[in-house]
Amino acid sequence: MGKQEKLLMQILKGQSDANTNFQDLVGLMQRFGFDKRVSGSHHIFRKEGVLEKINLQKEGNKAKPYQVRQVRNIILKYKLGVKSNG
């Protein structure tokens, strides 16, 4: 299991929202096909087909816990990272 897969499992389990590395989370969002725009300290992610926009900010070198929860909700709602047998 690679680093991104481990991060995805960590986010989905929701057991360490306060301990998620910011750059790893940014990389995961980009892996899911989100476009990133930076405005000051705000990293804003948009993706076609996803109604919500995701705004991430650093807290030290970690992502803010409530923003990790928002990412988890988007992953679950849109079934991101789920491989289909098609």
Would you confirm whether any residue within segment 5-12 is surrounded by 12 or more Cβ atoms within 10 Å (Cβ to Cβ) and outside any helix (DSSP H, G or I)?
no
Output the residues belonging to segment 41-75 that are part of a strand (DSSP E or B), open to solvent by less than 30 Å² (accessible area, probe 1.4 Å) and either over 23 Å from K3 (Cα atoms) or polar (S, T, N, Q) (or both).
V50
Of the conditions (1) surrounded by 12 or more Cβ atoms within 10 Å (Cβ to Cβ); (2) outside any helix (DSSP H, G or I), V38 clears all except one; give me its number.
(1)
Tell me, which residue of segment 13-35 that is crowded, with 17+ Cβ neighbours inside 10 Å and under 20 Å from K79 (Cα atoms) is farthest from the chain's Cα centre (by Cα)?
D17
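The values are calculated or read from the model by the stated rules, or taken from the named source; none is laboratory data. Remember, it's a predicted structure, so these values are computed and weren't measured experimentally. Methodologically, a virtual Cβ is constructed for each residue, glycine included, from the backbone with ideal geometry; neighbour enumeration extends over all protein chains shown. In case anyone asks, the SASA skips ligands and DNA or RNA and just uses the protein heavy atoms, side chains included. Shrake-Rupley method; radii C 1.70, N 1.55, O 1.52, S 1.80 Å.
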